[in-house]
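Written out below as structure tokens is the structure these notes cover.
What follows is calculated from the coordinates using simple rules that are stated; it is not laboratory data. Keep in mind that this is a model prediction, so the values were computed, not measured. Cβ sites come from the backbone with ideal geometry, for glycine too, and all protein chains shown count toward neighbours.
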Amino acid sequence: MTATLTGKVALVTGATGGIGARIVSRLAAEGASVVIGYNRSRQTADDLVSSLAYGDHFVAEATVTDSDCLARLAGQIEKSFGRLDVLVNCAGTTRFVPHPDLDSLDDELIDRIFSVNVRGVIAATRAMRPLLDRTGSGVVVNISSIAGVTAMGSNVAYCASKAAVDNLTKSLVRALAPRIRVVSVSPGVVDTDFIKGRDESWRDEQASRTPLGRLGTPDDVAEAVLAAATHLRFVTGVIIPVDGGRPLA
């Protein structure tokens, strides 16, 4: 297969999580130089860059709640590459809180979810806009969730935050077109470390309620991100579900 991203530069925030790491690997395999953005897990990020077979990649702090940090990162990318073709806003946070248990959904958690999941998307896009605009064909891929549509997810605030991300995707299209495309990739339940602590019966139930009969994988999400960044060149402002048909069950 011909590498489709040779000569391109990509930044992935939240790159040390299960989904983010797979996105990094997939973009790198297609020839992109990838900036691996981490918040706290520097060692994990270093291990990830070491695992990439080839290419000009580097690790950098990308704390999406810190606009100064993002500005510094933009400067690093400018100095190293002079361009940015793909921004994947993958940084996110949540915690399992049953929807009826609003008392456990404390203010600190609510603020954290919206600060990372929503403000972080705006801040990272704002910081990287000049570099993305320079190429004339930049793309922002926001990692959303079907929770934003179904209102079923790890907690009430998380669902609302992902609905906001999908809305942001559409608003940013108007703000950044025609030189930058913006797309949401919206997974269902993905088999990552985040859900591995759930009991087996819960996992089996989620799979059985999905028409394709299994949980999603980080690979499924990474393939959708790759498609948005490469083949879907006349697509912007859309939400791409990667959920095995879950809302239809």
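Under a model in which nothing but the beta-carbon of Lys, Arg (+1) and Asp, Glu (-1) is charged, the chain shows a dipole of about 980 debye around its Cα centre. Centroid-to-centroid, using Cα positions, the stretch 188-232 and the stretch 50-98 are 23 Å apart.
Converting phi to 3J(HN,Hα) with the Karplus coefficients 6.51, -1.76 and 1.60 and the offset θ = phi - 60°, the stretch 51-60 yields 7, 6, 5, 7, x, 9, 10, 8, 9, 8 Hz in sequence order, with x at every glycine or proline.
Only aspartates and glutamates eight or more places from K79 in sequence, or on another chain, were considered; those with a Cα closer than 15 Å are D56. Relative contact order for the chain: 18 percent, from Cα pairs under 8 Å spaced at least 6 residues apart, divided by residue count. Computed packing ranks the peptides 228-235, 84-91 as 84-91, 228-235, most packed first, by mean other Cβ atoms within 10 Å.
Note on K162: lysines with a C-alpha under 21 Å away, same-chain residues under 8 apart excluded, are K170. A cut-off of 5 Å between modelled amide H atoms, ignoring neighbours fewer than 5 places along the same chain, links V59 with I36. Pairs of alpha-carbon atoms within less than 8 angstrom and 6+ residues apart define the contacts here; what relative contact order does the stretch 53-163 have, in percent? Result for the stretch 53-163 is 34 percent. Sequence-ordered 3J(HN,Hα) estimates for the stretch 73-83 from the Karplus curve with 6.51, -1.76 and 1.60 and θ = phi - 60° stand at 5, 4, x, 4, 5, 4, 5, 7, 10, x, 6 Hz, glycine and proline given as x.
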